[in-house]
Structures are given as C-alpha cells and as structure tokens.
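The values are calculated or read from the model by the stated rules, or taken from the named source; none is laboratory data. Being a predicted model, the structure only gives us computed values, none of them experimental. When we count neighbours, we look across all protein chains shown, and the Cβ atoms used for this are built from the backbone with ideal geometry, even at glycine. Just so you know, the surface numbers come from the protein's heavy atoms only, side chains and all, with ligands and any DNA or RNA stripped out. Shrake-Rupley method; radii C 1.70, N 1.55, O 1.52, S 1.80 Å.
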Amino acid sequence: MTAMTRTMKAIAHDEYGEAADVLAPREVPVPEPGRGEVRVEVHAVSLNAADVYLTRGEPTIGRLAFGWPRPKRTIRGRDVAGVVDSVGPGVTEWSPGDRVAAEGEESLAEYTCVKASLLARVPDGVPFTEAAAVPLAGVTALQAVRVGEVKAGDRVLVNGASGGVGTFLVQLATAAGAEVTGVCGAGNTDLVRSLGAVHVVDYGVEDFTEAKEPYDVVIDLAGNRSLRELRSALAPGGTLVLTSGHGSRAMGPLWRNAAASLTSPFVRQRLRPFLARSGVDGEVEGLLERVAAGTLRPAVGRTYPFERAVDALAHVARGHARGKVVVVLREG
Ligand SMILES: NC(=O)c1ccc[n+]([C@@H]2O[C@H](COP(=O)([O-])OP(=O)(O)OC[C@H]3O[C@@H](n4cnc5c(N)ncnc54)[C@H](OP(=O)(O)O)[C@@H]3O)[C@@H](O)[C@H]2O)c1
C-alpha cells in the first residue's frame with residue numbers, strides 16, 4: 001500500500017466461524033473497477049442467509065468453491081444499494097451519480113465493485129434501505145413462484161414466511177392470485193397476514209404437515225422438515241419447491257435435494273429443489289419498479305448502522321430475522 005492509496009472501512013474475516021468471532025472492521029484499499037465493472041458508493045446492504053453460510057464456510061463441501069482452508073473473498077456482504085462512483089473500461093450504460101442496486105460480492109464496505117451487467121436502476125422515491133432489501137431475496141422469491149408454477153386459485157403454503165425471502169414470496173404468490181398460507185413464529189403472524197397471507201400458521205402451536213386439506217404448492221424456505229413430511233402436506237398432483245434444508249454441516253441440503261430429484265420422476269407430485277440464479281436480465285429492476293409503484297413492499301424489519309454490521313449478521317444467524325435486516329452506511 002503506497003502513501004497515496006485511498007482506503008476505506010470494510011467488514012472482513014480471514015477464518016471461517018460465527019460472525020461475532022471472526023468478522024471485524026478493517027481498513028482496506030478502495031477497489032478500482034476493472035473492465036465491465038462499476039464502483040458503487042455503498043449506502044445500504046441487506047443481509048441474507050447466504051452471508052451467514054459464507055462467514056461460517058458451510059456446508060464444508062462449499063469451501064471447494066469459496067476457499068479452502070480460508071475464505072478467498074475476505075469482505076462479506078452481497079446485496080447492495082448506492083450511487084455509482086466511477087465506471088471501469090468498457091462501461092457505457094452507467095454514469096457517476098446513478099442510483100443502483102444489485103446482488104454483488106464484498107458489499108459490506110464503503111465502496112464495492114459490481115459487474116455492470118448485474119446492476120439495476122433504483123427508481124426515484126425508493127429509499128436505498130428498501131432497494132438493498134430486494135436483489136437476492138426478491139429474486140429468489142420471484143423464481144420460486146415460477147418454479148412452483150403458482151397460478152390463480154392455487155393453495156400455496158410458504159414455510160418460513162416471515163424472513164427475508166418469505167416476506168417477498170407471500171406478496172408475489174398473492175399477486176399471482178394464489179391463496180397463501182404462511183408458516184412463521186408467534187411474533188410474526190401479524191406481519192405475514194399484512195403482506196397478503198389469507199391463513200397464518202404459528203409453528204409453535206400447529207403442525208402444517210397435518211393439514212386436513214392439502215396444498216397445490218408447498219415452498220419450503222425453513223428447511224427444517226423431511227421430504228416425507230413436506231410431501232404429506234401436498235396434493236397428489238402438487239408441486240414442492242425446496243430452496244434449502246439444513247442437512248449436515250458437511251453437505252448441507254445435498255442429500256434431501258438429491259432424494260427429491262431422484263424421487264420426482266416416479267411420483268405424481270413434482271419435487272423441485274431449486275437454486276436461485278442472480279443476474280437474470282431485468283428481474284431486480286422489475287421488482288424495484290413494483291416497489292416504486294407501491295405493489296411490493298420490502299419488509300425491512302431492522303436496520304443497523306455500519307459500526308454494528310457484525311451484530312446485524314449475528315442477528316440473522318440466529319435464524320429468526322423478521323423480514324429483511326439492512327445495514328445503513330449513508331443516509332439518503
Ligand atoms: N435456493 C436458493 O437459491 C436460496 C436463496 C435464498 C435463500 N435460500 C434459503 O432460504 C432460507 C430462508 O432464507 P431467508 O433469507 O428468508 O432467511 P431469514 O431472513 O434468516 O429468515 C429465516 C426465517 O425462518 C423462520 N423460521 C425459523 N424457524 C422456523 C420454523 N421452525 N418453521 C418455520 N419458519 C421458521 C423465521 O421465522 P420466525 O422469526 O417467525 O421464527 C425467519 O423469519 C435459508 O435457508 C436460505 O439458505 C435459498
């Protein structure tokens with residue numbers, strides 16, 4: 001680092017572990033945008049379960065991709081909203097001052113570089129705190145509705161309806177005309193109902209797998225039930241969408257998802273493990289336009305200042321985030 005190098009604060013780690021044990025603020029060089037990249041002045045970062053897994057290095061098999069024995073990328077955070085600060089060679093569609101959001105990498109920092117192709121325009125009037133909530137969770141919810149082939153009149157159950165993905169999913173399935181049942185904890189039943197769920201199941205009181213009337217689509221976000229239990233809540237010709245599953249520390253949801261894929265061709269129910277794809281053209285922008293139009297509401301449950309980013313991630317890691325958790329770096 002030369003005497004002239006500009007530096008910034010970032011939340012980083014060199015070892016895998018729990019957020020409170022391994023993550024800390026540090027001073028690092030401000031990144032330079034490469035070809036096809038844009039540097040964003042970060043205003044807000046929303047946290048996701050993915051940030052927790054990447055901090056822990058779980059499942060262990062994933063370390064083959066994200067670094068063994070240490071994380072390749074040391075700065076955590078993915079979702080970002082902010083203002084374009086400078087553009088790299090070859091970027092013509094963005095200019096300094098543009099308001100943008102994306103699912104990127106290494107966003108828990110004062111500046112981050114994002115591929116230009118991943119950026120979405122943030123409409124005027126949508127605050128960065130809400131815009132940052134959209135990319136990963138909103139797109140996962142959008143794609144889950146598509147994978148589940150949710151249509152008007154379907155009875156749809158969302159297990160894990162009150163978290164980051166669930167709060168978008170309840171709204172998007174309702175907008176598609178489905179009759180949504182949301183499963184969540186006692187403290188969040190009002191929130192889930194306010195987002196459009198017609199029925200709410202408090203998992204502390206009732207077991208949705210014992211429902212008398214089966215569902216056309218079950219979307220599992222909580223990942224805490226076996227394939228057999230989830231299928232028991234599903235109509236004979238229904239669709240099960242699996243986004244996760246805690247599984248083992250070593251393999252994560254791999255076995256449950258493999259079992260679902262292998263079983264699906266031999267049963268009437270469609271069993272669909274699913275991994276969201278980021279960067280699909282227009283998806284984040286489309287969701288942000290719905291936010292601007294008032295037809296989609298990012299349910300931001302808590303905000304934290306940048307100095308408390310590690311506490312924010314530790315809160316998400318406890319598994320009971322209410323809606324989205326957002327770290328705010330700059331107001332406005
Ligand atoms: N496949 C993919 O591409 C993809 C993409 C994004 C996320 N995911 C997965 O989707 C899951 C949810 O992500 P997220 O970002 O929404 O997580 P999150 O914001 O941390 O939310 C977790 C939610 O789980 C709920 N929950 C906890 N215990 C529960 C139980 N026993 N029954 C039902 N719900 C329970 C909590 O509700 P209460 O607070 O009310 O208890 C909380 O709202 C994660 O496992 C994540 O890995 C997968």
message: Explain nothing, just the number: dipole magnitude of the range 1-130 about its Cα centre with +1 on each Lys and Arg Cβ and -1 on each Asp and Glu Cβ, in debye rounded to the nearest 20.
response: 340
- prompt: Is it possible to state the helix-based mean residue ellipticity at 222 nm for the chain, with each DSSP H run of 4+ residues giving -39500 (n - 2.57), the sum divided by total residues, to the nearest 500 deg cm²/dmol? What is it?
  reply: -7000 deg cm²/dmol
- line: If one builds a Gaussian network model of the chain from Cα atoms under 10 Å apart, the most fluctuating residue listed among Leu296, Leu64, Leu54 is Leu64
query: Within a Cβ distance under 13 Å of Val280, other residues only, what is the Lys/Arg minus Asp/Glu net charge?
result: -2
The range 34-148 - percent relative contact order, Cα under 8 Å, separation 6 or more: 34
field: Peptides 253-260, 275-282 ordered by average Cβ neighbours within 10 Å, highest first
entry: 253-260, 275-282
- prompt: For the pair Arg302 and Asp202, what calculated FRET efficiency results from E = 1/(1 + (r/R0)^6), where r is the Cβ-Cβ distance and R0 = 22 Å, to the nearest 0.05?
  reply: 0.55
query: Within straight cross-link reach of Lys151, meaning Cα distance under 30 Å, which lysines are found once same-chain residues fewer than 8 apart are removed?
result: Lys212, Lys324
field: Accessible area of the chain divided out per residue, in Å², using a probe of 1.4 angstrom
entry: 45
- line: Rounded to the nearest Å, the spacing of the alpha-carbon centers of the range 85-100 and the range 1-37 is 22
message: Given points 7 Å out from each Cα along the Cα-Cβ axis, report the Glu18 to Glu289 separation in nanometres with one decimal.
response: 4.5
statement: Note: Glu93 to Arg146 extended length (0.36 nm per residue) minus current alpha-carbon separation gives 16.2 nm
task: Could you give log10 I(q)/I(0) at q = 0.10, 0.11, 0.21 Å⁻¹ for the range 145-274, computed by the Debye formula over C-alpha point scatterers of equal weight, without solvent?
output: -0.27, -0.33, -1.23
query: Who wins for biggest fluctuation among Gly166, Gly204, Gly223 in a Gaussian network model of the chain, springs between alpha carbons below 10 Å?
result: Gly204
query: For the chain, what proportion of DSSP beta bridges, expressed in % and rounded to the nearest 5, is antiparallel?
result: 55
- prompt: Label Arg249 and Glu210 with points 7 Å out from Cα along Cα→Cβ: what is the distance between them in nm?
  reply: 3.3
query: How big is the gap, in Å, between the Cα center of the range 180-208 and the Cα center of the range 212-231?
result: 15
- request: Could you tell me what percent of the accessible area of the chain is made up of carbon and sulfur, with a 1.4 Å probe and every protein chain present?
  value: 52
statement: Note on the range 195-332: contact order normalised by length, alpha-carbon pairs under 8 Å, 6 or more apart, percent, works out to 15
- line: Of the residues Pro33, Ser264, Ala299, the Cα lying farthest along the dipole of the chain towards its positive end, which is defined by charges on the beta carbon of Lys, Arg, Asp and Glu, belongs to Ser264
task: Using the Cα centre as the reference, give the magnitude of the dipole from point charges on the C-beta atoms of the chain (Lys, Arg: +1; Asp, Glu: -1; all else neutral), rounded to the nearest 20 debye.
output: 700
message: Rounded to whole Å, give me the distance from the Cα center of the range 139-175 to that of the range 244-284.
response: 16
